[in-house]
Amino acid sequence: MFHSGIAQSDTIRFQKDTTLKEVIVTAFNTNRRWIEVPGSIALVSSKDLASFSSLSFVPVLNSLPGVRMEERSPGSYRVSLRGSSLRSPFGVRNIKLYWNEIPLSDATGNTYINLLDLQSVSQVEVAKGPASSMYGAGTGGAILLNKPILFADSINQSFDFGFSVGSFGMNQQQGEWKYSNKQFSSSLQIHRLVTDGYREQSFLQKNGLVWQTAMKTTKSIFNTLLFVTDLNYGTPGGITSAQMQLNPQLSRQPTATLPGSVQQNTAVFNQTIFGAISHKYQFNQYHSIKWFVSLNRTAFKNPFITNYEQRNETNFNIGFQHVYTPFNNNNYIQWVNGIELLMNESAINNYLNNAGIPGNLISKDFVFSKQQFFFSQLKWQVVKKLLITAGFSSNQQLYDYKRPSDAQPILNTRTINAPFVPRIAMSFQAMKNMFLYLVAAKGFSSPSLAEVRPSDGNFYPFLEAEKGWNFEAGLKGNFFGNHLMLDLSYYRFKLNNAIVRRNDVSGAEYFVNAGSSLQEGVELLIKHNLISRKAGIMRQLAINGSLSYQPYRFVEYKQGVNSFNGNAITGVPKTIVFIGIQSLFLSGYYVNVSMNAASKIPLNDANTVFTEHNQLVQAKMGKLVKWQKYAIDVFIGADNLLNQLYSLGNDINAAGNRFFNPAPSKNFYAGIRIGFQ
């Protein structure tokens, strides 16, 4: 969203975002400049978010090396960090997600990222690789979404409105009212998004409200968060290669034994209300504490091909941190200790699906999930040029499962422990604006509820947690007067007990541990500010690019009598290249163009089926106008300009060779954003 009350214009934002040198990173509680942080941290700024369509996080996250967000259909997303989508047929698993330091991920290991609207985020930090030392279970990493609301010296109000229309019946409205003074600030947002979708049974209807407040006193700040989302989207399902070539707009087709998506009205209905409060208190120059409490309720319905699932979820989360700075210098020594406790109750009922209407009861399940961890981390500036962070966590995942619909229900309990998960990282200043870093971290990721109790309706209590060590080396630098920014990293992650997806003949999924894998790769990010001046026709010209090289392999993996040792890991492209160009001209005109190219992707463990490589080209152009207290952005944009036939979310190891979820053909959008005080 265009926020005139803070940024005043996109021109100013463009000039400020030409380098990441001064950006302060909060991941791992470092609170240091990005260039100094010992680790692979990718950043998305408000300017980056404004460079793409406001429909979803997909294009902006896919501009980052090692990050891949997929969209099987509007509203159906999954996110992977360094190839962690192997076990995520949908949604977000194996990654911890926070919003303003409050966990959105629940005790079951799941995150509904599709509940969020892009205007609710102004900065994203992505910590890649095992982050268990501070963020609990997860070998993929952590994603930190931030939208601080600022205080003002005097009473200040601002309003922002946005309206967009586009291909396939897309219609979007966004609005925000902000109020602030010296002690109190508030942000109230509303959003609505409707689209018919490109394929059969791929509609989307999403409505939501977000309210944030902040209140400060001499030593403390209280923050509150409330959001409500009503989400309804169709799930067209996968199709075969032949069907995609014939008509990519098809949904899953009926067979002799099973109906198709249209006949079964397959869809997802998600109604969620989420409330949280957090508090930061500074006792003195040495001690401070932070805590949060959140409560949310989700009513979830999913008519699928073979059944109709209804799920009622209640989540309660609480966390506490104590920060100790013994020499009253946060940049010298800092010791952080904390604990998080996440609890979930899920009542899951499965019925026969009678064309989108629940039929006879199949099963009735109750699951209680608890995820808890304690962590401790020390940050130490050993000498002026050497920074070390060292930490560990102790994690536990518990599931209590009962099926009351059985004649004699039995309570099954599964507890998974990781008593000691360490992480150590160091950063060394080799030159004035160049830092080298090393990281060694152990990852731990227990199976999620959707894996121990998947869509086939069975309970898998013996599924083991994934574990492994990650070793990483990298270089960060700002050169040529901070006009060129470079981030280069190499990592090697050996994963044991890898969790992979299976499908039965009906298409229902289940999961198994599949030996070990080696995830070794290289990531490169470059940002170059070519032109920055106040005169002339072209005022700004910047280029950014990223490379993800991921030649991942199964080390030890057998399926029955078949050995897949040495095969490429399913669902992960070997190479992804992104190039983006942002330009700003006289009188506020701007043009942004990007290309995202992915190599072919193996779709089954045997590596006998692959996608074709593709190049996705997107563009956005518009004009920024500032007049008195008004700021106006009028824009048009296009997606898939090369009109390529590709799938942006594949069903790996799919039954019946239904691997593909075709993405939209060439499409367009246009809109206007108005901000005023």
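The values are calculated or read from the model by the stated rules, or taken from the named source; none is laboratory data. Note that this is a predicted model, so its numbers are computed, not measured. Methodologically, a virtual Cβ is constructed for each residue, glycine included, from the backbone with ideal geometry; neighbour enumeration extends over all protein chains shown.
Considering only region 628-668, state which residues are hydroxyl-bearing (S, T, Y), surrounded by fewer than 17 Cβ atoms within 10 Å (Cβ to Cβ) and within 25 Å of S167 (Cα to Cα).
S665
Would you confirm, using the coordinates I've provided, whether Y198 is modelled with pLDDT under 95 and either charged (D, E, K, R) or under 24 Å from the mean Cα position of the chain (by Cα) (or both)?
no
Can you go through F327, F274, F304 and tell me which one is of a type outside the set (S, T, N, Q) and modelled with pLDDT of 95 or more?
Residue meeting the stated conditions: F274.
Given N270, N296, which one is in contact with a Leu (Cβ under 6 Å, 6 or more places away or on another chain) and either buried (at least 19 other Cβ atoms within 10 Å of the Cβ) or outside any strand (DSSP E or B) (or both)?
None of the others qualify; the one that does is N270.
Where the second residue is acidic (D, E) and buried (at least 22 other Cβ atoms within 10 Å of the Cβ) and the first is more than 19 Å from L104 (Cβ to Cβ) and lies in region 368-380, which pairs have Cβ atoms under 9 Å and are six or more apart or on separate chains?
So the pair list comes out as F374/E340.
Please identify the pairs in which a residue from region 502-521 that is buried (at least 19 other Cβ atoms within 10 Å of the Cβ) has its Cβ atom under 7 Å from the Cβ atom of a residue that is modelled with pLDDT under 70, counting only partners at least 6 apart or on another chain.
Qualifying pairs under 7 Å: E509/P89; E509/N503; F511/R87.
Tell me yes or no: at least one residue of region 276-286 is outside any strand (DSSP E or B), touching a Phe, Trp or Tyr at 6+ places or on another chain (Cβ under 9 Å), buried (at least 17 other Cβ atoms within 10 Å of the Cβ) and of a type outside the set (G, A, S).
No, the conditions are met nowhere in region 276-286.
Kindly indicate the residue of region 397-450 that is within 24 Å of the chain's Cα centre (by Cα) and among the polar types (S, T, N, Q) and also farthest from G481 (Cα to Cα) among those meeting that condition.
The selected residue is Q397.
With the requirement that a residue be among the hydrophobic types (A, V, I, L, M, F, W, C) and either within 28 Å of R414 (Cβ to Cβ) or surrounded by fewer than 20 Cβ atoms within 10 Å (Cβ to Cβ) (or both), what does region 331-350 give you? Don't jump to the end; show me each part of the working.
Looking only at region 331-350, we keep the residues that are among the hydrophobic types (A, V, I, L, M, F, W, C), and these are 333, 335-336, 339, 341-343, 347-348.
Once the filter is applied, which keeps residues that are among the hydrophobic types (A, V, I, L, M, F, W, C) and either within 28 Å of R414 (Cβ to Cβ) or surrounded by fewer than 20 Cβ atoms within 10 Å (Cβ to Cβ) (or both), region 331-350 yields I333, W335, I339, L341, L342, M343, A347, I348.
Only residues that are out of contact with any strand residue (DSSP E or B) (no Cβ under 7 Å at 6 or more places or on another chain) and closer than 20 Å to Y351 by Cβ: list them for region 255-275, please.
Residues satisfying the conditions are T257, L258, P259, G260, S261, V262, Q263.
Quick test of your reading of the structure: V555 fulfils all but one of (1) part of a loop (DSSP other than H, G, I, E, B); (2) in contact with a Leu (Cβ under 6 Å, 6 or more places away or on another chain); (3) among the aliphatic types (A, V, I, L, M). Name the failing condition by number.
(1)
Would you check if K216 is within 16 Å of Y112 (Cβ to Cβ) and in contact (Cβ under 8 Å) with a residue 24 or more places away in the chain?
When the stated conditions are applied, K216 does not pass them.
Any residue in region 472-490 that is under 19 Å from R82 (Cα atoms) sitting within a Cβ distance under 7 Å of a residue that is modelled with pLDDT under 95 and polar (S, T, N, Q)? List the pairs, counting only those 6 or more apart or interchain.
E472/S40; G474/S40; S489/S40
Under the condition of being assigned to a strand (DSSP E or B) and closer than 19 Å to I273 by Cα, which residue from region 100-143 is farthest from the chain's Cα centre (by Cα)?
I102
Regarding R539, is this residue more than 30 Å from N470 (Cα to Cα), out of contact with any Gly (no Cβ under 7 Å at 6 or more places or on another chain) and crowded, with 20+ Cβ neighbours inside 10 Å?
Taking the combined requirement at face value, the residue satisfies it.
Output the residue which, of all residues in region 561-572 that are surrounded by fewer than 22 Cβ atoms within 10 Å (Cβ to Cβ) and either part of a strand (DSSP E or B) or within 21 Å of the chain's Cα centre (by Cα) (or both), is modelled with the lowest pLDDT.
Once the filter is applied, the top-ranked residue is N562.
Go through region 588-606 and give me each residue that's farther than 29 Å from A242 by Cβ and assigned to a strand (DSSP E or B). First the steps, then the outcome.
First pass over region 588-606, keeping only residues farther than 29 Å from A242 by Cβ: 588-594.
Residues satisfying the conditions are Y589, Y590, V591, N592, V593, S594.
Could you list, in sequence order, the residues of region 258-284 that are without any contact (Cβ under 8 Å) to a residue 40 or more places away in the chain and over 26 Å from N315 (Cα atoms)?
N284
Looking for whichever is modelled with pLDDT of 95 or more and under 27 Å from A107 (Cα atoms) here; the options are I348, I357, I362, I339. Which one fits?
From the options I348, I357, I362, I339, the qualifying one is I339.
Name the residue, out of F444, F459, that is in contact (Cβ under 8 Å) with a residue 12 or more places away in the chain and part of a loop (DSSP other than H, G, I, E, B).
Going through F444, F459 in turn, just one is in contact (Cβ under 8 Å) with a residue 12 or more places away in the chain and part of a loop (DSSP other than H, G, I, E, B): F459.
Check Q334 against each of (1) within 20 Å of Q397 (Cβ to Cβ); (2) in contact (Cβ under 8 Å) with a residue 60 or more places away in the chain and name the one condition it does not meet.
(1)
Please pick out the residue among N328, N353 that is touching a residue at least 24 places away in the same chain (Cβ under 8 Å) and surrounded by fewer than 17 Cβ atoms within 10 Å (Cβ to Cβ).
None of the others qualify; the one that does is N328.
Cβ contacts < 6 Å: first residue farther than 19 Å from V634 by Cα and crowded, with 23+ Cβ neighbours inside 10 Å, restricted to region 50-67; second residue charged (D, E, K, R) and at pLDDT 95 or above, any location; separation 6+ or different chain. Result?
Matching pairs, first to second residue: P65/E523; G66/E523.
Which members of region 425-441 meet the condition of being among the polar types (S, T, N, Q) and assigned to a strand (DSSP E or B)?
Start the filter on region 425-441 by keeping residues that are among the polar types (S, T, N, Q), which leaves 427, 429, 433.
Across region 425-441, the qualifying residues are S427, Q429.
So which of Q540, Q519 is under 27 Å from G443 (Cβ atoms) and either outside any strand (DSSP E or B) or in contact with a strand residue (DSSP E or B) (Cβ under 7 Å, 6 or more places away or on another chain) (or both)?
Q519
Looking at I113, is it touching a residue at least 12 places away in the same chain (Cβ under 8 Å), over 22 Å from N337 (Cα atoms), surrounded by fewer than 24 Cβ atoms within 10 Å (Cβ to Cβ) and among the β-branched types (V, I, T)? Step through it out loud before you land on a result.
Values: touching a residue at least 12 places away in the same chain (Cβ under 8 Å): yes; over 22 Å from N337 (Cα atoms): yes; surrounded by fewer than 24 Cβ atoms within 10 Å (Cβ to Cβ): yes; among the β-branched types (V, I, T): yes.
Yes, satisfied.
With respect to the numbered conditions (1) of a type outside the set (A, V, I, L, M, F, W, C); (2) assigned to a strand (DSSP E or B); (3) surrounded by 16 or more Cβ atoms within 10 Å (Cβ to Cβ), which one is the sole condition not fulfilled by P454?
(2)
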